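The values are calculated or read from the model by the stated rules, or taken from the named source; none is laboratory data. Quick caveat: nothing in here was measured; it's all calculated off a predicted structure. Reconstructed Cβ throughout: ideal geometry from the backbone, glycine too, with neighbour counts over all protein chains shown. For the accessible areas, the whole protein counts, side chains as well, though only heavy atoms, and no ligand, DNA or RNA atoms are used. Shrake-Rupley method; radii C 1.70, N 1.55, O 1.52, S 1.80 Å.
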Amino acid sequence: MSRKISEQAVLMGSRNALVGILARAAVEPAGRPAIVILNTGIIHRVGYHRMSVSMSRALATAGYSVLRFDFSGIGDSDPRDDGLPPLESSMADIRDALDWLERDHLASRVILIGLCSGADHAVLYGHTDARVVGLVLMDPSIPTTARHYLHYIALRLMEVRSWFRVLTGRSRLIRMSMRLALYIVRLEWKSRPKPAANLASRQTIEQYYRNSVDRGIAMLAVFTQESTRQTYREQMLDALPNVPFGDRLQLEFFPGSDHTFSIEADRAKLTRLILEWVGGLSQAA
Amino acid sequence: MTPFYFGSGARRLFGIYEPAAVAGTGTRLAVICQPWGAEYVFAHRTLRLLAIRLAAAGFHTLRFDYFGTGDSAGDMTDADLPGWEADTEQAMEELREIAGASRIALIGMRLGATIAARVAARRPRDVDALVLWDPIISGTDFLPGVAAAATGAEQTIVVHGFPLTARMQCDVRAIELGPLLAAPTTRSLLAITERRPLHASLPEVPAGPGEGSLAIEFITDVCPWIWFDPTENVGAVPVGVIQRIVRWLE
């Protein structure tokens with residue numbers, strides 16, 4: 001690690017069962033928010049391609065305290081003993097981590113960073129805790145749109161291997177075309193007096209984002225083209241039309257990047273983007 | 001369980017110490033050598049469980065990240081295989097200081113097994129048991145698969161998101177574990193979950209007075225290739241292999 005920063009292994013939570021690494025600059029400017037990087041799926045706190053480590057060190061070098069830690073039952077953290085279901089357990093873990101940062105490091109303002117499920121956890125938790133002032137969301141779950149399916153099908157039609165898969169019966173193309181048809185049917189269903197059951201999740205997601213906007217939480221949302229969840233830059237806005245994001249959201253799209261940012265150049269670009277965004281947020285505060 | 005950093009300032013290494021859960025007939029130590037790259041990421045859950053099981057069986061256990069990997073200091077582009085072997089020896093010293101015994105069991109998976117075998121051969125007085133879990137036996141056999149997964153035409157190739165420098169490619173290409181396996185210096189177990197043609201030429205070495213031995217076991221598990229799981233991300237753990245390793249060490 002750089003001489004300018006230090007890294008410390010920490011145990012947090014009421015049972016000291018949450019394992020994390022706190023990266024800090026030797027000289028830390030006052031008033032900056034702390035940053036917490038969340039797990040992606042069941043990958044431990046190091047992250048895909050060691051992405052969370054390099055990101056932590058870059059942010060710490062820029063003067064931020066950065067905590068990367070494992071949720072209970074993931075990585076090196078023991079499972080909780082209170083019987084909480086997985087989602088509630090993760091929410092409680094984030095609160096424990098923020099409590100520890102506030103108590104031991106006087107961090108009253110926090111930015112949460114997450115990829116995939118980590119982004120979802122950040123959205124679910126952020127609006128419930130006044131200490132959260134920013135969210136960096138990489139490929140969070142957002143509802144699909146008709147344009148998403150059309151984009152996906154158009155992109156795959158241009159690939160030779162897709163035609164090979166169609167001919168060999170292994171294609172996702174047919175499945176996605178079926179989903180588009182289903183989506184259109186559901187839109188028709190939506191016009192009926194009683195909404196379709198699957199819209200409940202869309203409404204819930206919308207509510208979480210609306211709560212975040214109402215609370216003044218700033219958001220940086222980064223989407224990758226290869227993830228198949230979203231295929232165009234504005235999908236988040238199209239999917240959540242009732243959320244008044246305004247200037248609370250900075251939307252970025254990485255064409256050609258895969259879901260885990262496996263290309264080093266993409267990870268470097270992502271880190272630069274986050275550094276710039278976090279810097280802007282710190283100056284605005 | 002205690003997570004901590006050890007080693008010198010420039011080469012600080014991250015480790016997790018699991019104290020022995022039961023008092024046995026003398027203090028026993030185990031150091032776990034992890035694989036590299038995506039294999040390290042996907043094997044983490046399995047090796048944590050192995051450490052917990054070893055601790056439950058009476059071993060003070062240390063898992064650690066090599067320089068430039070995991071939570072340890074440095075970048076992969078500054079790493080090399082001799083350095084990782086030195087890191088392993090550093091971890092052995094650290095565990096000795098913590099737990100106060102001298103003889104150590106080394107357990108390695110994939111590239112970590114190769115590192116463990118080399119360290120054990122250099123330090124037969126310090127290592128009293130060696131477990132090699134699907135080791136990379138031949139660098140030339142391993143590298144074609146690595147190269148097939150690589151991107152980038154420069155000297156440094158990128159394998160599943162992890163850089164492999166020209167120096168490290170050279171180090172890996174030079175791996176030839178056959179002579180070490182044929183003349184083991186300590187009691188050794190070769191645990192294989194995926195048969196490869198080169199395994200056919202490996203001879204078992206029976207135990208003799210004052211010499212090492214090599215037992216070869218082909219272990220069938222419902223999820224043998226736990227270290228390479230880029231799409232499923234389901235976290236399957238080969239419990240059968242873990243149980244066999246712990247039982248063999250006991």
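Here are some notes:
- Rounded percent of accessible protein surface that carbon and sulfur make up, chain B, 1.4 Å probe: 53 percent
- B:Cys170 paired with B:Ala86, simple spin-label distance in nm, labels 7 Å along Cα-to-beta-carbon: 1.6 nm
- About the centre of its Cα atoms, chain B shows a dipole size close to 500 debye [charges on the beta carbon of Lys, Arg (+1) and Asp, Glu (-1) only; nearest 20 debye].
- A:Ala130-A:Leu84 pseudo-label distance in nm [points 7 Å out on the Cα-to-Cβ vector]: 2.1 nm
- Chain B: relative contact order as a whole-number percent, Cα under 8 Å and 6+ apart: 18 percent
- Distance from the Cα centroid of the range A:90-132 to that of the range A:268-285 is 18 Å (rounded to whole angstrom).
- Note on A:His105/B:Thr220: beta-carbon distance plugged into 1/(1 + (r/R0)^6) with R0 of 60 Å gives a FRET efficiency of 0.75.
- Take the accessible area of B alone and of A alone, subtract that of the pair with a 1.4 Å probe, and the total buried over both chains is about 2200 Å².
- Residues of the range A:61-86 buried by at least 50 Å² on assembly (accessible area, 1.4 Å probe, chain alone as reference): A:Asp76
- The magnitude of the dipole of the protein assembly as shown, with charges of +1 and -1 set on the Cβ of Lys/Arg and Asp/Glu and taken from the Cα centre, is near 1180 debye.
- Taking all protein chains into account, the per residue accessible area for the protein assembly as shown stands at 42 Å² (1.4 Å probe).
- Pair B:Trp248, A:Leu150: separation of 7 Å Cα→Cβ label points (nm): 6.0 nm
- The three principal axes of the C-alpha atoms in the range B:46-182 carry coordinate ranges of 48, 35, 24 Å, sorted with the longest axis first.
- Net charge contributed by nearby residues that have their C-beta within less than 12 Å of A:Pro255 (K/R +1, D/E -1): -2
- If R0 is 30 Å, the Cβ-Cβ spacing of A:Gln283 and B:Ile52 corresponds to a FRET efficiency of close to 0.05.
- Percentage of interatomic Cα-Cα distances in the protein assembly as shown larger than 29 Å: 56 percent
- Working note: Debye formula, equal point scatterers on the alpha-carbon atoms of the range A:213-285, no solvent; log10 I(q)/I(0) at q = 0.12, 0.22, 0.23, 0.26 Å⁻¹ is -0.37, -1.05, -1.10, -1.20.
- Rg over Rh, two decimals, chain B (C-alpha only, Kirkwood Rh): 0.94
- Taking all pairs of distinct alpha-carbon atoms in the range B:151-205, Kirkwood radius in angstrom: 14.0 Å
- Taking Lys and Arg as +1 and Asp and Glu as -1, the other residues whose beta-carbon sits under 12 Å from that of B:Val246 total +3.
- Cα centre as origin, Lys/Arg/Asp/Glu Cβ charges: the range B:44-145 dipole, Debye: 540 debye
- Subtracting the Cα-Cα distance of A:Arg210 and A:Leu237 from their residue separation scaled by 0.36 nm leaves 8.5 nm.
- Bins of 10 Å, starting at 0 and running to the largest distance - Cα pair percent for the range A:1-106: 16, 48, 30, 6, 0
- Fully extended contour minus Cα-Cα distance, from B:Thr77 to B:Ser102, at 0.36 nm per residue: 5.7 nm
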